[in-house]
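Here is the structure we will look at.
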Amino acid sequence: MTATNRPSWAQRNKWGLILLLPALVLALAAASSRVQLFWWGADLHQPISGTQGRPLVLTDTFHAPEGYFKRSVEVTLQGVSPGQAPLTSLGKPVDTPSGSKWVSVALHIKADPKSPLSVCQVALRDGQGRQADYDPTLLGMGTLRSSPCVPEDHPGPSGMSAEEQAEAETEGPRPAEYDIDVPMLVADRFEAKHVLFWLNPPKYLKISVR
Amino acid sequence: MAGVSDADVPQEPRDSWSSRLVKHFLGHPLPAVLVALVCVIAATIPFGGFARAEVTKPGLKQLEVGVEHTFGPLKLTIIEASWDTDPQHGQTDRQIYPSVGGAYLMVHAKIRAVGKSEVPFSVLNNVMRVQNLGSMFATAYTHDSISDDGEVTPGKTVPDEEAEYTVANMADAISLPSIGPGMTYDVVFIFGHRGTDFPNELTLHTYDFTWRASSIDGSFDWRDPEVNGQVTMPLKPSKAQQQRLDRASQRAARKAAREQHKHKRAHR
Amino acid sequence: MSRRTLRTKALTGVVALAVVGIGQLLTSHLPDELTELRPFEAAGHIDESVDVRTGSVRVQTVNGGTSLRSPIAAMRTSNLWVVIAYTFTPSQTTTGLFSIEMVAANGMRWSGTASRNQNLCTSSVPGLPIQCQAAIEVPADYIIGAHLELAPTADLTQYDAVAVIDLEITPDVVADWKANPEVTLQGSTLGAS
């Protein structure tokens, strides 16, 4: 054995060195799949921005027991104004908690009456990034309508099955286009800068208030 | 070792056969170990060799009524057993309703949680099962049910060792799903039973648990309930039930007497 | 074999030992499992506001008795019922406070969601306080010197912020609670008290 015709260390380990890089990349990518699984899809990360008065379209693919479906909804923010306490089922105004106020968000919504929309969510965001969600359980069950963005008497289908679609037909289909006021409860000193609207995170509409 | 070449080894004189053998074994540890191993194995042959020992299940421990026994994190003192068709008869704050088609079998006991963490549902609700009884409903409250128009739906009966119970706190008859550390309760273990035909004696099997990590996520918990004890005690109707039975038999006796009286008059 | 190979071998040995040594040193400085799961604790007292990541919490009153009257049922016990009234104010999102535990000096824990215990605290919007109440059943013998741990998410206080509130439970307090026949639990209400 002599050192002269023996290949160098780098030459001997050529393939190992070449494969090391993709192996590292693959290992990192595999580990980062959790970001996608547990974080990215679970919260609002993909804004579609717009301003008050301009229609914005949100399109998504959703999963129902019958398969995958596409739906599309066009939302126009018409205004955000100080609101009145909504009425309970008995016709009395809801008690406004001390330290809070009602804000009314006027939306114009255009969507296929056959697509299920009642899962939609509405929130207000202020200049400091604080986010007040529409939460029907805030003041106890039954005081606020369960979905912020569909008319209570014609909510449209709750899913894609034949029964769910038929049920919506008998209730009377949801109009293809309608105006709706969303009563939002916020703290006294909360000034809304953006209205958020989403169906399934991470995609959402971020509409700035004029 | 590096640096030693064949040329360095000095020529040695030839040894005898036996001394070569000794040298061979002393110089190399491996054959010596092997020989030792063979000897050990040979020594075990009279005792059955290295075969897997037969698993002999130890007999069930005979437990005593009124004595505290430990089952995993739970200390349990069984006091007595009774049965009743309507244990909360006449009470305003009802948790237990009259049985339809059967009776409640009740084991009175005192329970204590001895560890630093709570006794979970999986322990509290698997520490005992009834034996040799038959006609047990699946759970404490799944008896037959009767609808408003009088239609009876029979409840499901299961083998004795599958009959589950509810642990009700004696103070308020509300079920305990688990008990916190350090807590003591007087409780009733309530089983459901079809019919009111009970033997005079009740036998319970008790179960112990193993504190081990889950093979899925490594979390520690009391797992693997395994039957380890047996307790036998008299089984009687509860005091209220006995009064109910006495009243019923008095009524029956009075009725029989009336019938007899009528009979006599008719034949006079 | 030359002197050079011997030197290379010696060098390899030294390097291997050094690498193992460095590894050992690194592992000894890494946080162990218990430390890495440890929550971020913030100590406080009754009537003091403490930050817990998603908002701030203030324990207002702590009361005890031998039975609990709640919207669900009347529950009697041979132990003690402790009712804790507290305020939670979300800072950034619409949320509530979902984990409350009483912890004894000896390490025993009683969770507000275990067994028959209740933590009545729904959600509120940023900046608007919510008045919450929790009822926890505890053994009278172990609670002297106990403290309260409040955290934003249920069942998972690892890595999270936890408010540790001294409950100031003395033998006199326990005696008072034992003599008190009933404590009441109401639901949560929105708004400043």
Report task. Just grab the label-to-label distance for A:Ala27 and B:Glu68, each label 7 Å out from Cα along the Cβ direction, in nm (one decimal). Result -> 5.4 nm
**Report entry** Sites C:Asp141 and A:Ser98, calculated FRET efficiency, Cβ-Cβ separation with R0 30 Å, nearest 0.05
**Finding:** 0.15
Query raised in the report: With charges only on Cβ, +1 for K and R and -1 for D and E, what is the dipole size of chain C about its Cα centre, in debye, rounded to 20?
Result: 1160 debye
Query raised in the report: Using the beta-carbon distance between B:Asp221 and C:Asn106 and R0 = 22 Å, what value does 1/(1 + (r/R0)^6) give for FRET efficiency, to the nearest 0.05?
Result: 0.55
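If N is the number of residues in the range B:102-183, what value comes out of its Cα radius of gyration divided by 2.2 N^0.38 Å?
1.30
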**Report entry** Descending Cα extents along the principal axes, chain A, whole Å
**Finding:** 99, 46, 33
Report summary line: A correct Stokes-Einstein calculation for the range C:24-83, using the alpha-carbon Kirkwood radius, 25 °C and 0.890 mPa s, returns a whole-number D in µm² s⁻¹ of 155 µm²/s
Report task. Compare the Cα positions of C:Ser115, C:Thr35, C:Ser78 along the charge dipole of chain C (+1 at Cβ of Lys, Arg; -1 at Cβ of Asp, Glu; about the Cα centre) and return the one farthest towards the positive end. Result -> C:Thr35
Report task. With a 10 Å radius around each residue's Cβ, average the other Cβ atoms per peptide and rank B:128-141, A:75-88, B:239-252, highest first. Result -> B:128-141, A:75-88, B:239-252
Query - Relative packing of peptides C:104-117, A:57-70 - highest average C-beta neighbours within 10 Å first - result: C:104-117, A:57-70
Query raised in the report: Under unit Cβ charges (Lys, Arg +1; Asp, Glu -1), what dipole magnitude, rounded to 20 debye, does the protein assembly as shown have relative to its Cα centre?
Result: 1480 debye
**Report entry** Computed over chain B, Kirkwood Rh from alpha-carbon pairs, angstrom
**Finding:** 24.4 Å
Report task. Name the residue farthest towards the positive end of the dipole of the range A:1-138 from the options A:Leu44, A:Thr76, A:Asn5, assuming +1 on Cβ of Lys and Arg, -1 on Cβ of Asp and Glu, about the Cα centre. Result -> A:Asn5
Report task. First check a/c for the range B:130-177, with a ≥ b ≥ c the square roots of the eigenvalues of its C-alpha gyration tensor; if it is under 1.5, answer rounded, and if not, answer prolate when a/b is larger than b/c or oblate otherwise. Result -> oblate
Query raised in the report: Hey, if you drop one equal point scatterer on each alpha-carbon of chain C and run the Debye formula without solvent, what base-10 log of I(q)/I(0) do you get at q = 0.13, 0.18, 0.19 Å⁻¹?
Result: -0.70, -1.17, -1.27
Report summary line: Taking every residue of C:69-79, the Cβ atoms of other protein chains inside 10 Å of its Cβ average out to 4
Query raised in the report: Hey, what's the Kirkwood Rh for the range C:68-167 if you take every pair of different alpha carbons, in angstrom?
Result: 14.2 Å
Report summary line: So for R0 = 22 Å, FRET eff. of B:Ser147-B:Tyr97 from the Cβ-Cβ r, to 0.05, ends up at 0.95
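What is the fewest-to-most order of C:Leu26, B:Leu76 by other Cβ atoms lying within 10 Å of their Cβ?
Ordered from fewest to most neighbouring Cβ atoms within 10 Å, C:Leu26, B:Leu76 come out as C:Leu26, B:Leu76.
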Query raised in the report: Using the Kirkwood formula over every pair of different C-alpha atoms, what hydrodynamic radius in Å results for the protein assembly as shown?
Result: 33.1 Å
Report summary line: The lysines whose Cα lies under 29 Å from the Cα of A:Lys70, excluding any fewer than 8 residues away in the same chain, are A:Lys110, A:Lys114, A:Lys203, A:Lys206
Requested in this report: Give, rounded to the nearest 20 debye, the magnitude of the charge dipole that the range C:1-78 has about its Cα centre when Lys and Arg contribute +1 at Cβ and Asp and Glu contribute -1 at Cβ.
Outcome: 680 debye
Query raised in the report: According to the square roots a ≥ b ≥ c of the eigenvalues of the Cα gyration tensor, what is the shape class of the range A:29-76, taking rounded for a/c under 1.5, prolate for a/b larger than b/c otherwise, and oblate for the remainder?
Result: oblate
Query raised in the report: Which value in nm describes the separation of the simple spin-label points at A:Glu164 and A:Gln36, placed 7 Å from the Cα toward the beta carbon?
Result: 2.6 nm
**Report entry** Spatially proximal lysines relative to B:Lys75 (Cα-Cα < 30 Å; intrachain offsets below 8 disregarded)
**Finding:** B:Lys57, B:Lys61, B:Lys110, B:Lys116, B:Lys236, B:Lys239, C:Lys178
Query raised in the report: Dividing the alpha-carbon radius of gyration of the range B:55-140 by 2.2 N^0.38 Å (N being the number of residues), what value is obtained?
Result: 1.33
Report task. Work out Dmax and Rg for the range B:91-244 from the C-alpha atoms and quote the Rg first, both in angstrom. Result -> 16.9, 54
Requested in this report: Within the range A:86-193, report the GluC sites (Glu not before Pro) that DSSP leaves as loop and that have at most 14 other Cβ atoms within 10 Å.
Outcome: A:Glu152, A:Glu191
Query raised in the report: Can you give the mean number of other chain Cβ atoms that lie within 10 Å of the Cβ atoms in peptide B:118-126?
Result: 1
Query raised in the report: Taking the Cα-to-Cβ direction at C:Leu11 and at B:His267 and moving 7 Å from each Cα, how far apart do the two end points lie in nm?
Result: 12.6 nm
**Report entry** Value of D in µm² per second that Stokes-Einstein yields for the range C:1-114, Kirkwood Rh from Cα pairs, at 20 °C (1.002 mPa s)
**Finding:** 108 µm²/s
Report summary line: Semi-axes of the range A:160-210 from the Cα gyration tensor (sqrt of 5 times each eigenvalue, largest first, whole Å) come to 32, 15, 11
Requested in this report: Once you have the Cα-Cα distance between A:Ile18 and A:Ser89, take 0.36 nm times their residue separation minus that, and quote the gain in nm to one decimal.
Outcome: 18.5 nm
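Every number in this text was worked out from the coordinates using simple rules, so none of it is lab data. Predicted model only: the values in this text are computed from it and were never measured. Ideal geometry is used to build each Cβ from the backbone, glycine not excepted, and the neighbour counts take in all protein chains shown.
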